[in-house]
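The values are calculated or read from the model by the stated rules, or taken from the named source; none is laboratory data. Keep in mind it's a predicted model, so treat the numbers as computed, not measured. Note: ideal-geometry Cβ built from the backbone for every residue, glycine included; neighbour counts use all protein chains shown. Calculation scope for accessible area: heavy atoms of the full protein, side chains included, ligands and nucleic acids excluded. Shrake-Rupley method; radii C 1.70, N 1.55, O 1.52, S 1.80 Å.
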Amino acid sequence: MSDIREILKHAPSNWGRFGANDELGTLNFLTPEELLRGVSQIRVGRTVSLGLPIADPTGDLVWPTRIPAQHYMVNDFGMYQSGKRISTAGSGGIEHADDVIQLSLHGATHLDSLGHIWFDDTLYNGYAADTTIGGLSKNGIDKVARRGIAGSAVLLDVARFKSKPMLDRQEEITLDDLLATAEKEQITIQPHDMLLVRTGFYLHYVHGGVAE
């Protein structure tokens with residue numbers, strides 16, 4: 001493998017582009033004007049979930065080094081039925097269900113923070129790697145959560161473009177693939193658009209295979 005220094009030597013960098021204290025990166029491009037541009041493109045009031053099941057009885061799609069989600073009930077009807085829990089005084093007979101889930105944050109639909117990966121003991125925008133000790137004090141996902149991600153997005157269905165239900169394992173998606181998919185879909189990609197690229201890859205797992 002090539003040394004990362006050689007790979008990055010002539011690569012563009014956003015460090016300092018949005019100020020010395022920035023922890024959002026190119027999310028800074030999602031201005032109120034970009035949000036309004038995205039809203040203006042809505043034509044159908046339908047929502048589509050992009051999430052996958054968590055703690056699925058048939059198994060979760062997780063990276064091999066990570067533990068599948070653990071889900072268990074801490075209160076349900078059985079607790080009242082067995083007499084181990086009774087309705088509290090003043091509840092009017094109301095009972096409740098409650099549960100707990102434990103999961104690896106890379107074991108579900110997720111977004112990496114800018115502090116997830118670093119090199120030469122330095123995170124995005126020049127922050128020291130020791131700011132990750134005991135939890136990220138810089139470039140944490142909490143900064144993104146407070147900021148939010150909303151703007152104009154386009155769906156590029158690369159699998160459909162290639163006439164497949166899902167891309168093959170280790171199949172490369174090139175810039176030409178993305179541009180050709182957009183052309184076939186009659187989509188014009190504009191500056192600051194967010195690209196939602198459909199690969200269908202998870203179907204390898206859903207249909208009984210192993211996602212490698």
Put a dot 7 Å past each Cα toward the Cβ at E6 and Q170; how far apart are the dots in nm?
2.1
Going by Cα centres, the range 22-66 and the range 115-140 are how many Å apart?
24
M73 neighbourhood, Cβ < 14 Å, K/R = +1, D/E = -1, net charge -2
Taking placed amide H atoms and a strict 5 Å upper bound, the residues 5 or more places from L156 or on another chain that come that close are L196, V197, R198
Set the Förster radius R0 to 35 Å, insert the Cβ-Cβ distance between I189 and M73 as r into 1/(1 + (r/R0)^6), and round the FRET efficiency to 0.05.
0.15
Expressed in angstrom, Rg and Dmax over the Cα atoms of the chain are 22.5, 69
Can you tell me the relative contact order of the range 1-114? Whole percent, Cα pairs under 8 Å, sequence separation 6 or more.
25
Under the definition of Cα pairs under 8 Å and six or more residues apart, what whole-number percent is the relative contact order of the chain?
21
Per DSSP H run of n ≥ 4, the term is -39500 (n - 2.57); total these for the chain, divide by its residue number, and report the mean residue ellipticity at 222 nm rounded to 500 deg cm²/dmol.
-4500 deg cm²/dmol
Kindly report the accessible area of the chain per residue (heavy atoms of protein chains, probe 1.4 Å, no ligands, DNA or RNA), in Å².
72
Tally Lys/Arg at +1 and Asp/Glu at -1 over every other residue whose Cβ is under 15 Å from the Cβ of G151; what's the total?
-1
Once Rh is set to the Kirkwood radius over Cα pairs, what Stokes-Einstein translational diffusion coefficient, in µm²/s, holds for the range 1-113 at a temperature of 10 °C and a viscosity of 1.306 mPa s?
78
Rounded tilt (10° steps) of 175-184 against the dominant C-alpha axis of the chain:
80
If Lys and Arg each add +1 and Asp and Glu each add -1, what is the summed charge of the other residues whose beta carbon sits under 10 Å from the beta carbon of E185?
0
